[in-house]
Amino acid sequence: MSETQPSRRIGRSIGAVLAGIVAGIILSLGTDVVLRAAGIFPPLGRSPMSDSLFLLATVYRIIYGVVGSYIIARLAPDRPMGHALVGGVVGLVASVVGAVATWNHVPSLGPHWYPLALVVTAIPCAWLGGKLGEMQLQHVS
């Protein structure tokens, strides 16, 4: 029995982190699609977006980062903040990779501040989502 418990806990930890990350990705990409369909964002590959539209994208990505980290914290088998921060590190790494990959593609892929904002906000969003998850778990207990 003691051998299955650690593997079950690791599986739940991985599942919690993946669930939060997938939720954040689906929410972000889904919002992008809806905003393109509504004509708020220009079609992909057509004209570059304005700074105000990139600001809008930054705002909802921050919100979805918090939501994803909250999901991770709520689903974590233990140490909800630690799990949320692991998700934040994954987001940080993805943001850094995205910034490096798109850096020389200004203006077609956006201004330099946009990927930098995603890099800078990854860990604070994870912490806030983790904190909200912890607070709710304490309230439920």
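Protection proxy ranking for 100-110, 124-134, using the average of other Cβ atoms within 10 Å per residue and placing the highest first: 124-134, 100-110. Computed over protein heavy atoms with a 1.4 Å probe, the accessible surface of the stretch 80-120 works out to 54 Å² per residue. Solvent exposure of the stretch 1-59, expressed per residue, is 68 Å² of accessible area, with all protein chains present and a 1.4 angstrom probe.
Only the Cβ atoms of Lys and Arg (+1) and of Asp and Glu (-1) were treated as charged; on that basis the dipole of the stretch 12-108 about its Cα centre amounts to roughly 140 debye. Highest-first packing order for the peptide set 24-36, 67-79 is 67-79, 24-36, based on the mean count of other beta carbon atoms within 10 Å. Ligands, DNA and RNA left out, the accessible area of the stretch 43-114 computed with a 1.4 Å probe is 72% carbon and sulfur. Axis of helix 4-37 versus longest Cα principal axis of the chain: the two differ by about 20°, to the nearest ten degrees. Candidate values (i) 24, 17, 13; (ii) 30, 17, 11; (iii) 33, 15, 13 were compared with semi-axes √(5λ) of the Cα gyration tensor in Å computed on the shown model; the agreeing label is (iii). Computed over neighbours whose Cβ is under 14 Å from that of Pro42, the net charge equals 0, Lys and Arg +1, Asp and Glu -1. With respect to the chain, whose longest principal axis is taken over its alpha-carbon atoms, helix 80-102 is tilted by about 30°. Positive-end ranking of Ile26, Asn104, Ser13 along the dipole of the chain, with charges on Cβ about the Cα centre, is headed by Ser13.
Sorting the segments 86-98, 6-18 by their residues' average number of neighbouring beta-carbon atoms within 10 angstrom, most packed first, yields 86-98, 6-18.
Here the stretch 98-129 is scanned for amide nitrogen atoms under 17 Å from the site 7 Å beyond the Cα of Ser47 along Cα-to-Cβ, giving 107-111.
Would you mind checking the tilt of helix 113-140 against the longest principal axis of the Cα atoms of the chain, expressed as 0 to 90 degrees and rounded to 10? The two axes meet at around 30 degrees.
The values are calculated or read from the model by the stated rules, or taken from the named source; none is laboratory data. Small disclaimer: the values here were computed from a predicted structure and weren't measured. All Cβ positions, glycine included, derive from the backbone under ideal geometry; neighbour counts span all protein chains shown. Surface areas here come from the heavy atoms of the whole protein model, side chains and all, with no ligands, DNA or RNA. Shrake-Rupley method; radii C 1.70, N 1.55, O 1.52, S 1.80 Å.
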